[in-house]
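Enquirer: Got a structure here, written out as C-alpha cells. Questions coming.
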Ligand SMILES: O=C[C@H](O)[C@H](O)[C@H](O)COP(=O)(O)O
C-alpha cells in the first residue's frame with residue numbers, strides 16, 4: 001500500500017488549479033484520487049473526469065467536481081495505474097476491467113502519468129495476462145479469431161459464477177501471452193478483429209511513470 005501511495009502522492013503534485021484532470025482506476029489510482037480529494041478540500045480548483053463508475057463514485061464522495069465530457073475540450077493531466085510497465089513507458093492495463101475508458105481518457109490527455117509500485121516494473125510486457133475487451137455478440141467467433149492470432153491460452157473473465165461485465169457491459173478476455181515481442185504490431189492486430197473493442201496495451205501513451213519502492217523511495221521515468 002505505502003509504495004502505491006507515495007507514487008500517487010508524487011504524481012498529484014503535478015495537478016494545478018484550473019486543470020481538467022483524468023482520474024484513473026484501481027488500487028493505485030485510488031490513492032491519487034484520495035490525494036486530489038484532500039487538496040480539493042483545501043482549495044484546489046479542478047474539473048475531473050473518471051475512467052470508471054467506481055472512481056467516479058469515489059471522487060463524488062470526496063467532493064471532487066466531476067464534469068461531463070461535453071463540458072470539456074481536452075484533459076490536462078491523467079493519473080492512472082498499470083498492471084505492468086516497462087522502461088519505455090509502455091504498459092499493460094485492464095486488470096480491473098477499465099481499459100477502454102482508461103484508453104479513451106488517456107488518448108484525450110495532454111499528459112498521462114502512470115503510477116505504480118515496484119512490482120509492476122518489467123523488462124518486457126506480457127507476463128501479466130493481456131486484457132482484451134470484446135462485445136458479447138458473437139463472443140465465440142471473436143474468441144476463435146483471438147485464438148488464431150495469439151496461439152496462447154485465453155480466459156473469458158469470470159467473477160464468482162458469472163461472466164465479468166465491464167462498465168460498458170462488455171466481456172474481458174485475458175490473454176496469457178508470455179513475453180510480447182512486438183507490442184506495437186500486437187496492439188494494431190488485436191484492434192483489427194471485429195468484436196474487439198480495445199485491448200490493454202498502452203503504447204507510447206504515458207509521458208511519465210512514477211514508481212514507488214518498498215524502501216520508501218520514488219523514481220520518475222521519462223522518455224526524454
Ligand atoms: O482496469 C484497471 C486498471 O487498468 C488499473 O489501473 C490496473 O489494473 C492497475 O490496478 P492496480 O493499481 O489496482 O494494480
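Enquirer: Let me check against my output: what whole-number percent is the relative contact order of the stretch 130-198, with C-alpha pairs under 8 Å and at least 6 apart?
Expert: Numbers: 87 pairs, mean separation 33.2, N = 69.
Worked out over the stretch 130-198, it gives 48 percent.
Enquirer: Continuing with this model, one more query. Give the separation of the Cα centroids, the stretch 191-224 to the stretch 27-84, in Å.
Expert: 18
Enquirer: In degrees from 0 to 90, rounded to the nearest 10, what is the angle of the helix 2-12 Cα long axis to the longest principal axis of the chain?
Expert: That works out to roughly 70 degrees.
Enquirer: Still on this model: Compare 196, 122, 85 in a GNM of the chain, Cα atoms joined below 10 Å, and give the one with the largest fluctuation.
Expert: Checking each option, the largest mean-square fluctuation is seen for 122.
Enquirer: Largest first and to the nearest Å, give the Cα extent of the chain along each principal axis.
Expert: Principal extents (largest minus smallest coordinate, Cα): 53, 37, 34 Å.
Enquirer: As I understand it, the value is the acute angle between the Cα axis of helix 139-150 and the longest principal axis of the Cα atoms of the chain; what does it come to in degrees, rounded to 10?
Expert: Long axis of 139-150 versus the principal axis of the chain: about 90 degrees.
Enquirer: With runs of 4+ DSSP H residues as the only contributors, calculate the mean residue ellipticity of the chain at 222 nm using -39,500 (n - 2.57) per run, divided by the residue total and rounded to the nearest 500.
Expert: Details: 6 runs with 63 residues, N = 224.
Helix-only estimate at 222 nm: -8500 deg cm²/dmol.
Enquirer: Same structure, new question: Would you mind checking the tilt of helix 29-41 against the longest principal axis of the Cα atoms of the chain, expressed as 0 to 90 degrees and rounded to 10?
Expert: Helix 29-41 sits roughly 20 degrees off the main axis of the chain.
Enquirer: A further question follows. In a GNM of the chain with a 10 Å cut-off on Cα contacts, which of 177, 163, 44 has the highest mean-square fluctuation?
Expert: Fluctuation is largest for 163.
Enquirer: Hey, with R₀ at 35 Å, roughly what FRET efficiency would residue 159 and residue 17 work out to, going by the Cβ-Cβ distance, to 0.05?
Expert: Details: r = 39 Å, r/R0 = 1.12.
Approximately 0.35, to the nearest 0.05.
Enquirer: In whole percent, what relative contact order does the stretch 1-56 give with Cα contacts below 8 Å and a gap of six or more residues? Provide the component values of the computation, followed by the final result.
Expert: Working: 66 pairs, mean separation 24.0, N = 56.
Relative contact order here is 43 percent.
Enquirer: Could you identify which residue out of 78, 51, 159 has the top mean-square fluctuation in a GNM of the chain using Cα springs shorter than 10 Å?
Expert: 159
Enquirer: Using only the Cα atoms of the stretch 1-62, build the gyration tensor, take square roots of its eigenvalues as a ≥ b ≥ c, and label the shape rounded, prolate or oblate: rounded if a/c is under 1.5, else prolate if a/b is larger than b/c, else oblate. Write out the running numbers ahead of the final one.
Expert: Numbers: a/c = 1.65, a/b = 1.12, b/c = 1.47.
Judged from the Cα gyration tensor, the stretch 1-62 comes out oblate (a/c at least 1.5, b/c at or above a/b).
Enquirer: Taking the Cβ of each residue in 70, 27 as the centre, tally the other Cβ atoms inside 10 Å and list the residues starting with the fewest.
Expert: Details: 70 5, 27 13.
Ordered by Cβ neighbours within 10 Å, fewest first: 70, 27.
Enquirer: What does the extension gain come out to for residue 168 and residue 63, with contour length at 0.36 nm per residue minus their alpha carbon separation? Numbers along the way, then the final one.
Expert: On the way: separation 105, 0.36 × 105 = 37.80 nm, distance 2.46 nm.
Contour length minus Cα-Cα distance gives 35.3 nm.
Enquirer: Any chance you could run the full-extension gain for residue 144 through residue 124? It's 0.36 nm times the residue separation minus the Cα-Cα distance, nm to one decimal.
Expert: 4.6 nm
Enquirer: Hey, what did the chain get for relative contact order, percent, Cα under 8 Å, at least 6 apart? Intermediate values should be presented prior to the final figure.
Expert: Details: 494 pairs, mean separation 53.6, N = 224.
Reported relative contact order: 24 percent.
Values quoted throughout were computed directly from the atomic coordinates according to the rules given, and no laboratory measurement underlies them. Keep in mind the model is a prediction, meaning the values are calculated, not measured. Glycine gets a Cβ as well: all are built from the backbone with ideal geometry, and neighbour counts include every protein chain shown.
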